[in-house]
Amino acid sequence: MNQTAPSAEVVAAATARGYWSTVLARLSRDKLTVTCALILLGVLLMAICAPLLAPYDPFKGSILKRLLPIGSPGYFLGTDELGRDMLSRLIFGARLSLVMGIAPVLNALVIGATLGVIAGFLGGRINTLIMRTIDVFYAFPSVLLAVAISGALGAGIFNAMVALTIVFIPPIARVTESVTTQVRGLDFVEAARASGANNFTLIRVHVLGNVLGPVFIYATSLISVSMILASGLSFLGLGTKPPEPEWGLMLNTLRTAIYLNPGVAALPGAMIFMVSICFNLMSDGLRAAMDVTQ
């Protein structure tokens, strides 16, 4: 009885399904990663549903209710230096904090990955031009570079995100270039090249699928760094402007109250710490689950 052999595309699709099934199975057994993912999902839903969840207007304060301690009647997490409800401001603050943490990394992922793939795949003078330009940015620490660019552009949310995007482009481009250089020398890429495929087809079909996974995992680990840097810029007055609720800016405005009500003053920092740690641990879990050698 004659049977038609499955095509290469069918075999590749089946292999891919098996790989991702294995990844999902390994993730489901990683309780720490699942817990961190659920916490981040909860924070994201909290930010989206902020108007429904916040008990008070985050901008409305009362001098008579300044710096109420945690657990005060009607104010579960107390009030800030202007008498505004801390719970409401933390809920609304998740919006700006997440946007300023995730958006610069996504922008840098698009730009940096594009530059890295081009440099790694084409090599030669193009690689030298792109990577030596990228190396210039490594002469400056990330914090100093973000502060310098934000100071030059001026304070504001948009300028802060532009500064953070510029900061994260070099490391993403370097990682992408390194992975692309390894992939382009593999046998299946050489076989596709020998069959007559042009550079665009090689990159789109054979390179991106093997490069974007590791690069995406690396970019995920940068979100926590982005949130901390964004909070630092807001703390220095180079990011979000008052009276917008943002965790870094809230730390700045509450710094004078740390001796009067340290519990309330520490709440924004605790939120930054929790979300940053969850992003880091989730990134580690994804990396371990996608590593087929383990």
Check: Hey, among Gly248, Gly269, Gly239, which residue is at pLDDT 90 or above and surrounded by 22 or more Cβ atoms within 10 Å (Cβ to Cβ)?
Finding: Gly248
Check: Take the residues of the stretch 184-225 that are within 14 Å of Ile118 (Cβ to Cβ) and free of Cβ contacts under 8 Å to residues at least 40 places away in the same chain: which is farthest from the chain's Cα centre (by Cα)?
Finding: Phe200
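Going through the stretch 236-261 one residue at a time, which ones are of a type in the set (Lys, Arg) and touching a residue at least 60 places away in the same chain (Cβ under 8 Å)?
Within the stretch 236-261, the subset of a type in the set (Lys, Arg) is 241, 255.
Scanning the stretch 236-261 gives a single hit, Lys241.
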Margin query: Take Ala197 and tell me if it is at negative phi and part of a loop (DSSP other than H, G, I, E, B).
Written below: yes
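Could you check, for the stretch 187-195, whether at least one of its residues is surrounded by fewer than 21 Cβ atoms within 10 Å (Cβ to Cβ), under 22 Å from Asp291 (Cα atoms) and in contact with a Lys or Arg (Cβ under 6 Å, 6 or more places away or on another chain)? Lay out the reasoning, then the answer.
In the first step, residues of the stretch 187-195 are kept if they are surrounded by fewer than 21 Cβ atoms within 10 Å (Cβ to Cβ); the result is 187-195.
Now restrict to residues that are under 22 Å from Asp291 (Cα atoms): 187-189.
Now restrict to residues that are in contact with a Lys or Arg (Cβ under 6 Å, 6 or more places away or on another chain): none.
No, because not a single residue in the stretch 187-195 is surrounded by fewer than 21 Cβ atoms within 10 Å (Cβ to Cβ), under 22 Å from Asp291 (Cα atoms) and in contact with a Lys or Arg (Cβ under 6 Å, 6 or more places away or on another chain).
Considering only residues of the stretch 149-161 that are crowded, with 16+ Cβ neighbours inside 10 Å and either under 20 Å from the mean Cα position of the chain (by Cα) or modelled with pLDDT of 90 or more (or both), which is nearest to Thr176 (Cα to Cα)?
Just the residues of the stretch 149-161 that are crowded, with 16+ Cβ neighbours inside 10 Å, to begin with: 149-150, 155, 157, 159-161.
Adding the requirement that they be either under 20 Å from the mean Cα position of the chain (by Cα) or modelled with pLDDT of 90 or more (or both) leaves 149-150, 157, 159-161.
On the way: Ile149: 24, Ser150: 26, Ile157: 28, Asn159: 26, Ala160: 24, Met161: 22 Å.
It comes out as Met161.
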Notebook entry, point to check: Within the stretch 75-88, is there a residue that is modelled with pLDDT of 90 or more, closer than 23 Å to Glu244 by Cα and surrounded by fewer than 16 Cβ atoms within 10 Å (Cβ to Cβ)?
Noted result: yes
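Just checking, which of Leu87, Leu52, Leu45 is in a helix (DSSP H, G or I), without any contact (Cβ under 8 Å) to a residue 12 or more places away in the chain and under 25 Å from the mean Cα position of the chain (by Cα)? Working first, answer last.
Numbers: Leu87 fails: without any contact (Cβ under 8 Å) to a residue 12 or more places away in the chain; Leu52 fails: under 25 Å from the mean Cα position of the chain (by Cα).
Just a single option satisfies the conditions, and that option is Leu45.
The values are calculated or read from the model by the stated rules, or taken from the named source; none is laboratory data. Because the structure is predicted, anything quoted here is derived from the model rather than measured. Neighbour counts run over all protein chains shown; Cβ positions are idealised from the backbone, glycine included.
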